[in-house]
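Below you'll find the structure, written out as C-alpha coordinates, and then a few comments.
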Amino acid sequence: MTSQTRPADRRAVPAFLPSPAEPLPHQIVAALAQHRMATTQQLQDMLRPQATRQTITKPLNRLHREGLAAFTVLPQSNRRRAWFLTPEGARIARDWPQLRGRPPYPITSASAASMKTPHVLTVVRAHLTFLQDARRRGDEHGHLDWTPEVAHSLGDSERVIADALLHYVLHASDGSRTKLRALVEVDRATTSSERLATKLIEYARLHTYTPTPPGRRAIQANTPPAWQRWYPVFPRLLFILTGASPTTLAHRIEDLQAMTAEHPAVAQLARTVPLGAALLDDLEQQGPTEHVWTPLNGRGQRRPWTQL
(Lines give C-alpha, C1' and ligand atoms only; values in the text may rest on other atoms or scores of the structure.)
Protein backbone atom coordinates (compact mmCIF):
# COMPACT_ATOMS: atom_id res chain seq x y z
CA MET A 1 0.00 0.00 0.00
CA THR A 2 1.44 3.31 -1.08
CA SER A 3 1.74 5.85 1.68
CA GLN A 4 0.17 9.23 1.03
CA THR A 5 0.77 12.59 2.63
CA ARG A 6 -2.12 13.52 4.80
CA PRO A 7 -3.62 17.03 4.65
CA ALA A 8 -2.38 17.67 8.17
CA ASP A 9 1.18 16.96 7.01
CA ARG A 10 0.85 19.41 4.15
CA ARG A 11 -0.42 22.08 6.49
CA ALA A 12 2.59 21.50 8.72
CA VAL A 13 4.97 22.61 5.92
CA PRO A 14 5.60 26.32 6.54
CA ALA A 15 4.54 28.56 3.68
CA PHE A 16 6.56 31.55 2.52
CA LEU A 17 5.84 34.63 4.62
CA PRO A 18 7.12 38.05 3.57
CA SER A 19 9.31 39.74 6.14
CA PRO A 20 7.60 42.51 8.14
CA ALA A 21 10.86 44.47 8.02
CA GLU A 22 11.07 47.00 5.21
CA PRO A 23 14.04 46.92 2.83
CA LEU A 24 16.60 49.65 3.36
CA PRO A 25 15.66 51.60 0.19
CA HIS A 26 12.06 51.83 1.48
CA GLN A 27 13.32 53.02 4.85
CA ILE A 28 15.41 55.70 3.15
CA VAL A 29 12.42 56.92 1.13
CA ALA A 30 10.25 56.99 4.27
CA ALA A 31 12.93 58.85 6.24
CA LEU A 32 13.31 61.47 3.51
CA ALA A 33 9.54 61.81 3.18
CA GLN A 34 9.25 62.34 6.93
CA HIS A 35 12.22 64.65 7.45
CA ARG A 36 12.20 66.37 4.01
CA MET A 37 15.98 66.23 3.75
CA ALA A 38 19.04 64.59 5.32
CA THR A 39 22.73 64.19 4.61
CA THR A 40 24.24 60.82 3.79
CA GLN A 41 25.80 60.69 7.26
CA GLN A 42 22.53 61.61 8.95
CA LEU A 43 20.72 58.83 7.09
CA GLN A 44 23.39 56.37 8.16
CA ASP A 45 23.15 57.52 11.79
CA MET A 46 19.37 57.29 11.56
CA LEU A 47 18.98 53.90 9.85
CA ARG A 48 22.24 51.89 9.96
CA PRO A 49 24.59 53.39 12.57
CA GLN A 50 26.80 50.27 12.75
CA ALA A 51 27.03 49.66 8.99
CA THR A 52 29.57 50.89 6.48
CA ARG A 53 28.96 54.09 4.54
CA GLN A 54 28.50 52.08 1.34
CA THR A 55 25.46 50.41 2.91
CA ILE A 56 23.68 53.76 2.64
CA THR A 57 25.29 55.24 -0.47
CA LYS A 58 24.51 52.23 -2.69
CA PRO A 59 20.68 52.39 -2.30
CA LEU A 60 20.80 56.21 -2.37
CA ASN A 61 22.56 56.16 -5.73
CA ARG A 62 20.05 53.63 -7.00
CA LEU A 63 17.13 55.84 -5.92
CA HIS A 64 18.86 58.72 -7.69
CA ARG A 65 19.20 56.76 -10.93
CA GLU A 66 15.51 55.82 -10.73
CA GLY A 67 14.48 59.46 -10.36
CA LEU A 68 13.09 59.06 -6.84
CA ALA A 69 15.77 60.96 -4.90
CA ALA A 70 18.01 63.90 -5.68
CA PHE A 71 20.65 65.85 -3.80
CA THR A 72 22.18 69.25 -3.34
CA VAL A 73 25.86 69.72 -2.55
CA LEU A 74 26.40 71.57 0.72
CA PRO A 75 28.69 74.61 0.55
CA GLN A 76 32.12 74.40 2.16
CA SER A 77 31.56 70.75 3.08
CA ASN A 78 33.99 68.79 0.90
CA ARG A 79 31.16 67.89 -1.50
CA ARG A 80 28.81 66.49 1.15
CA ARG A 81 25.33 65.81 -0.14
CA ALA A 82 21.93 66.59 1.33
CA TRP A 83 19.33 64.21 -0.09
CA PHE A 84 15.62 64.81 -0.72
CA LEU A 85 12.79 63.13 -2.58
CA THR A 86 11.84 64.21 -6.06
CA PRO A 87 8.14 64.93 -6.72
CA GLU A 88 7.86 61.36 -8.03
CA GLY A 89 9.50 59.95 -4.90
CA ALA A 90 7.17 61.99 -2.69
CA ARG A 91 4.17 60.78 -4.69
CA ILE A 92 5.15 57.13 -4.22
CA ALA A 93 5.65 57.53 -0.45
CA ARG A 94 2.53 59.60 0.13
CA ASP A 95 0.14 56.69 0.81
CA TRP A 96 2.50 54.40 2.71
CA PRO A 97 0.86 53.39 6.03
CA GLN A 98 3.55 54.93 8.21
CA LEU A 99 3.25 58.25 6.34
CA ARG A 100 -0.49 58.35 5.81
CA GLY A 101 -1.95 61.73 6.63
CA ARG A 102 1.36 63.55 6.32
CA PRO A 103 1.30 66.26 3.63
CA PRO A 104 3.91 65.68 0.90
CA TYR A 105 6.80 68.12 0.76
CA PRO A 106 8.20 67.70 -2.75
CA ILE A 107 11.29 69.80 -3.45
CA THR A 108 11.38 70.76 -7.08
CA SER A 109 15.09 71.41 -7.58
CA ALA A 110 18.52 71.38 -5.98
CA SER A 111 18.37 75.18 -5.87
CA ALA A 112 15.14 75.05 -3.88
CA ALA A 113 16.67 72.42 -1.60
CA SER A 114 19.74 74.56 -0.91
CA MET A 115 17.50 77.30 0.50
CA LYS A 116 16.03 74.88 3.07
CA THR A 117 19.14 73.01 4.18
CA PRO A 118 20.28 75.16 7.15
CA HIS A 119 17.07 74.80 9.15
CA VAL A 120 15.93 71.36 7.99
CA LEU A 121 19.31 69.72 8.61
CA THR A 122 19.56 71.38 12.02
CA VAL A 123 16.19 69.91 12.97
CA VAL A 124 17.48 66.48 11.87
CA ARG A 125 20.57 67.04 14.06
CA ALA A 126 18.27 67.64 17.02
CA HIS A 127 16.29 64.49 16.27
CA LEU A 128 19.43 62.34 16.09
CA THR A 129 20.34 63.26 19.67
CA PHE A 130 17.08 61.73 20.93
CA LEU A 131 17.35 58.73 18.58
CA GLN A 132 20.90 57.89 19.63
CA ASP A 133 20.08 58.41 23.32
CA ALA A 134 17.06 56.10 23.06
CA ARG A 135 19.20 53.35 21.51
CA ARG A 136 21.77 53.69 24.27
CA ARG A 137 19.15 53.58 27.02
CA GLY A 138 16.86 50.96 25.48
CA ASP A 139 13.90 53.35 25.20
CA GLU A 140 11.36 53.31 22.37
CA HIS A 141 11.96 55.99 19.77
CA GLY A 142 12.45 55.32 16.07
CA HIS A 143 13.32 57.41 13.05
CA LEU A 144 9.62 57.99 12.27
CA ASP A 145 8.72 59.01 15.85
CA TRP A 146 9.81 62.56 15.08
CA THR A 147 7.34 64.42 12.85
CA PRO A 148 8.56 67.77 11.50
CA GLU A 149 6.39 70.82 10.92
CA VAL A 150 3.27 69.93 12.88
CA ALA A 151 0.57 72.60 12.64
CA HIS A 152 -2.31 73.27 15.04
CA SER A 153 -5.16 75.70 14.43
CA LEU A 154 -5.67 78.71 16.67
CA GLY A 155 -8.89 79.80 14.92
CA ASP A 156 -9.45 82.71 12.55
CA SER A 157 -7.06 81.12 10.01
CA GLU A 158 -4.18 81.32 12.48
CA ARG A 159 -1.88 78.39 13.22
CA VAL A 160 1.04 77.54 15.44
CA ILE A 161 3.59 75.34 13.70
CA ALA A 162 6.09 73.35 15.75
CA ASP A 163 9.39 72.38 14.19
CA ALA A 164 8.72 68.81 15.31
CA LEU A 165 6.49 66.56 17.36
CA LEU A 166 8.39 63.98 19.38
CA HIS A 167 6.94 60.62 20.48
CA TYR A 168 9.01 58.74 23.06
CA VAL A 169 8.48 55.80 25.44
CA LEU A 170 10.73 55.88 28.49
CA HIS A 171 11.70 52.54 30.05
CA ALA A 172 12.40 52.57 33.80
CA SER A 173 14.62 50.13 35.65
CA ASP A 174 11.56 48.63 37.39
CA GLY A 175 10.05 47.66 34.02
CA SER A 176 7.50 50.45 33.86
CA ARG A 177 6.96 52.48 30.68
CA THR A 178 6.08 56.15 30.37
CA LYS A 179 4.75 57.63 27.12
CA LEU A 180 6.07 61.11 26.50
CA ARG A 181 5.31 63.68 23.82
CA ALA A 182 6.94 67.02 23.12
CA LEU A 183 6.52 69.88 20.70
CA VAL A 184 10.01 70.96 19.71
CA GLU A 185 11.23 74.39 18.60
CA VAL A 186 14.71 74.53 17.04
CA ASP A 187 16.13 78.06 17.24
CA ARG A 188 19.16 79.00 15.12
CA ALA A 189 19.33 82.57 16.46
CA THR A 190 18.25 83.95 13.08
CA THR A 191 15.52 86.17 14.58
CA SER A 192 15.36 88.37 17.66
CA SER A 193 15.16 86.89 21.11
CA GLU A 194 11.80 88.60 21.57
CA ARG A 195 10.33 86.83 18.54
CA LEU A 196 11.53 83.50 19.92
CA ALA A 197 9.91 84.19 23.29
CA THR A 198 6.57 85.15 21.72
CA LYS A 199 6.31 81.57 20.44
CA LEU A 200 5.40 80.72 24.04
CA ILE A 201 2.33 82.96 23.74
CA GLU A 202 1.19 80.99 20.68
CA TYR A 203 1.45 77.73 22.60
CA ALA A 204 -0.40 79.27 25.54
CA ARG A 205 -3.19 80.17 23.13
CA LEU A 206 -3.22 76.60 21.78
CA HIS A 207 -3.48 75.29 25.34
CA THR A 208 -6.75 77.17 25.89
CA TYR A 209 -8.15 77.34 22.36
CA THR A 210 -11.60 75.81 22.06
CA PRO A 211 -13.28 76.05 18.65
CA THR A 212 -16.88 77.11 18.47
CA PRO A 213 -18.99 74.18 17.21
CA PRO A 214 -20.66 74.81 13.83
CA GLY A 215 -24.06 76.45 14.16
CA ARG A 216 -23.42 77.76 17.68
CA ARG A 217 -22.63 81.30 18.66
CA ALA A 218 -20.82 80.53 21.89
CA ILE A 219 -18.60 77.86 23.33
CA GLN A 220 -20.36 75.57 25.78
CA ALA A 221 -18.78 74.99 29.16
CA ASN A 222 -18.21 71.30 28.51
CA THR A 223 -16.51 71.77 25.12
CA PRO A 224 -12.95 70.35 25.38
CA PRO A 225 -9.94 72.32 24.09
CA ALA A 226 -8.90 71.55 20.53
CA TRP A 227 -5.59 69.91 21.48
CA GLN A 228 -7.46 66.97 23.07
CA ARG A 229 -8.31 65.79 19.55
CA TRP A 230 -4.70 64.65 19.20
CA TYR A 231 -3.18 64.24 22.68
CA PRO A 232 -4.28 62.71 25.99
CA VAL A 233 -2.20 65.37 27.77
CA PHE A 234 -0.73 68.56 26.36
CA PRO A 235 2.81 67.82 25.08
CA ARG A 236 5.74 69.35 26.90
CA LEU A 237 7.53 72.17 25.07
CA LEU A 238 11.23 71.90 24.29
CA PHE A 239 13.34 74.73 22.88
CA ILE A 240 16.67 73.68 21.33
CA LEU A 241 19.08 76.54 20.69
CA THR A 242 22.14 76.84 18.44
CA GLY A 243 23.79 79.22 15.98
CA ALA A 244 25.31 81.75 18.38
CA SER A 245 27.82 82.05 21.23
CA PRO A 246 27.05 80.37 24.57
CA THR A 247 26.53 83.82 26.12
CA THR A 248 24.01 84.85 23.46
CA LEU A 249 22.15 81.56 23.75
CA ALA A 250 22.07 81.89 27.55
CA HIS A 251 20.45 85.32 27.12
CA ARG A 252 17.83 83.84 24.80
CA ILE A 253 16.97 81.23 27.43
CA GLU A 254 16.71 84.01 30.02
CA ASP A 255 14.22 85.80 27.76
CA LEU A 256 12.17 82.61 27.48
CA GLN A 257 12.13 82.42 31.28
CA ALA A 258 11.11 86.08 31.53
CA MET A 259 8.20 85.53 29.13
CA THR A 260 7.09 82.55 31.22
CA ALA A 261 7.15 84.63 34.40
CA GLU A 262 5.62 87.85 33.05
CA HIS A 263 2.91 86.81 30.59
CA PRO A 264 -0.23 85.63 32.41
CA ALA A 265 -1.26 83.05 29.79
CA VAL A 266 2.25 81.59 29.55
CA ALA A 267 2.54 81.48 33.33
CA GLN A 268 -0.75 79.57 33.41
CA LEU A 269 0.57 77.17 30.78
CA ALA A 270 3.74 76.56 32.79
CA ARG A 271 1.72 75.46 35.82
CA THR A 272 0.64 72.26 34.06
CA VAL A 273 2.94 71.84 31.03
CA PRO A 274 6.70 71.15 31.38
CA LEU A 275 8.74 73.77 29.52
CA GLY A 276 12.50 73.54 28.96
CA ALA A 277 15.38 74.83 26.87
CA ALA A 278 18.77 73.36 26.03
CA LEU A 279 21.72 73.98 23.72
CA LEU A 280 22.08 71.67 20.74
CA ASP A 281 25.81 71.30 21.47
CA ASP A 282 24.99 69.98 24.95
CA LEU A 283 22.49 67.49 23.53
CA GLU A 284 25.04 66.19 21.03
CA GLN A 285 27.86 65.97 23.56
CA GLN A 286 25.96 64.66 26.58
CA GLY A 287 22.50 63.48 25.48
CA PRO A 288 18.95 64.74 26.11
CA THR A 289 18.47 62.66 29.26
CA GLU A 290 21.43 64.34 30.98
CA HIS A 291 21.16 67.48 33.09
CA VAL A 292 21.22 69.91 30.18
CA TRP A 293 17.67 71.36 30.18
CA THR A 294 16.85 74.65 31.87
CA PRO A 295 13.26 74.76 33.23
CA LEU A 296 11.55 77.86 31.85
CA ASN A 297 9.50 78.34 34.99
CA GLY A 298 12.71 79.43 36.71
CA ARG A 299 12.54 76.74 39.38
CA GLY A 300 15.46 74.44 40.09
CA GLN A 301 18.66 73.44 38.36
CA ARG A 302 19.18 71.97 34.92
CA ARG A 303 17.78 68.46 34.51
CA PRO A 304 16.87 65.76 31.93
CA TRP A 305 13.99 66.58 29.60
CA THR A 306 12.08 63.65 31.08
CA GLN A 307 12.13 65.39 34.50
CA LEU A 308 11.09 68.90 33.56
Over region 24-33, the set of residues touching a Pro at 6+ places or on another chain (Cβ under 9 Å) and either at pLDDT below 90 or surrounded by 23 or more Cβ atoms within 10 Å (Cβ to Cβ) (or both) is Ile28, Ala33
Over region 106-122, the set of residues under 15 Å from the mean Cα position of the chain (by Cα) and either among the β-branched types (Val, Ile, Thr) or at pLDDT below 70 (or both) is Val120, Thr122
Only one of (1) over 27 Å from Ala134 (Cβ atoms); (2) surrounded by 12 or more Cβ atoms within 10 Å (Cβ to Cβ) fails for His167. Which number is that? (1)
Return the only residue of Val233, Val266 being more than 19 Å from the chain's Cα centre (by Cα), modelled with pLDDT of 95 or more, β-branched (Val, Ile, Thr) and closer than 23 Å to Arg299 by Cβ. Val266
Does region 52-62 contain at least one residue that is at negative phi and in contact (Cβ under 8 Å) with a residue 40 or more places away in the chain? no
Among Arg177, Arg188, which is more than 26 Å from Arg252 (Cα to Cα) and of a type in the set (D, E, K, R)? Arg177
Identify all residues within region 48-58 that are assigned to a helix (DSSP H, G or I) and surrounded by fewer than 20 Cβ atoms within 10 Å (Cβ to Cβ); write none if there are none. Arg53, Gln54, Thr55, Thr57, Lys58
For region 130-166, how many residues are more than 11 Å from the chain's Cα centre (by Cα) and among the β-branched types (Val, Ile, Thr)? 2
Qualifying residue in region 117-140 (condition: surrounded by 13 or more Cβ atoms within 10 Å (Cβ to Cβ), touching a Gly at 6+ places or on another chain (Cβ under 6 Å), in the same structural domain as Thr190 (by TED's automatic domain parsing) and touching a residue at least 60 places away in the same chain (Cβ under 8 Å)): yes
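The values are calculated or read from the model by the stated rules, or taken from the named source; none is laboratory data. If you're wondering where the values come from, they're calculated on a predicted model, not measured in any experiment. Counting neighbours? That spans all protein chains shown, and the Cβs are built from the backbone with ideal geometry, glycine included.
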